[in-house]
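S.K.: Take a look at this one; I'll ask things after.
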Amino acid sequence: MLVVEKISLRNGSEWDMPRIAHQTADWVCLHLDVAPTVGDTHENYLGPKDALNSMKHARLTRYELELMDVLWRLEEGTVQDVCNSLARPLAYTTVLTTLRLLHGKKKVLKRIKRGRAYVYRPIISRDTVSRSVMSDLKRVLFREELPSLMLGLLEEGNFTRDDIDSLKAAIKKVENREKL
């Protein structure tokens with residue numbers, strides 16, 4: 001058991017009252033006795049271990065990635081916010097069920113109750129997910145053959161001069177790293 005003297009929130013507010021927290025090997029939970037604003041309660045505060053471990057065990061479907069993309073852009077959002085921001089119309093209940101799954105089973109979202117609605121926030125970054133997807137592509141489809149993967153990606157893309165310069169710089173960086 002750990003006593004926390006001060007908690008700083010993303011919005012800049014701080015709580016000075018001691019809170020009690022407990023930690024297991026896989027998660028951290030803070031028990032809060034007051035909320036920062038009226039009607040705002042908190043649950044399922046996840047530590048950095050969850051953010052790292054969640055992508056090792058959970059693979060996201062194309063549909064789940066669509067919802068995650070919206071939340072990465074918005075940084076947080078309710079089910080209605082996600083529905084309104086999707087490129088294609090989806091039923092509210094479909095989005096709700098999927099966000100619950102991403103929160104509860106796949107553990108890639110944090111859920112915070114605000115008033116009557118839950119607000120969802122990603123706990124893994126877009127970069128973490130893209131690395132995981134690329135690793136899967138490399139391992140499963142290209143049998144660890146990096147040149148085949150890279151050539152496949154390059155053949156499919158329409159590149160600007162800036163894109164090509166960035167790719168050249170990345171290759172040069174890898175070459176310099178191998179010289180060391």
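S.K.: What is the Cα convex hull volume of segment 113-180 when expressed per residue in Å³?
M.R.: Value for segment 113-180: 178 Å³ per residue.
S.K.: Order the peptides 90-98, 156-164, 67-75 from the highest to the lowest mean number of other Cβ atoms within 10 Å of their residues.
M.R.: 67-75, 90-98, 156-164
S.K.: Within the set Lys107/Lys172; Lys105/Lys138; Lys106/Lys179; Lys107/Lys138; Lys138/Lys173; Lys105/Lys168, which residue pairs have Cα atoms separated by over 30 Å?
M.R.: Lys107/Lys172; Lys106/Lys179; Lys105/Lys168
S.K.: Another question, if that's okay. Please pull out the direction-averaged projected area of segment 75-154, using the convex hull of its alpha-carbon atoms, in nm² to one decimal place.
M.R.: Its average projected convex-hull area is 6.9 nm².
Here, each number is a calculation from the coordinates, and none is a lab measurement. Because the structure is predicted, anything quoted here is derived from the model rather than measured. No Cβ is skipped: glycine too gets one built from the backbone with ideal geometry, and neighbour counts run over all protein chains shown.
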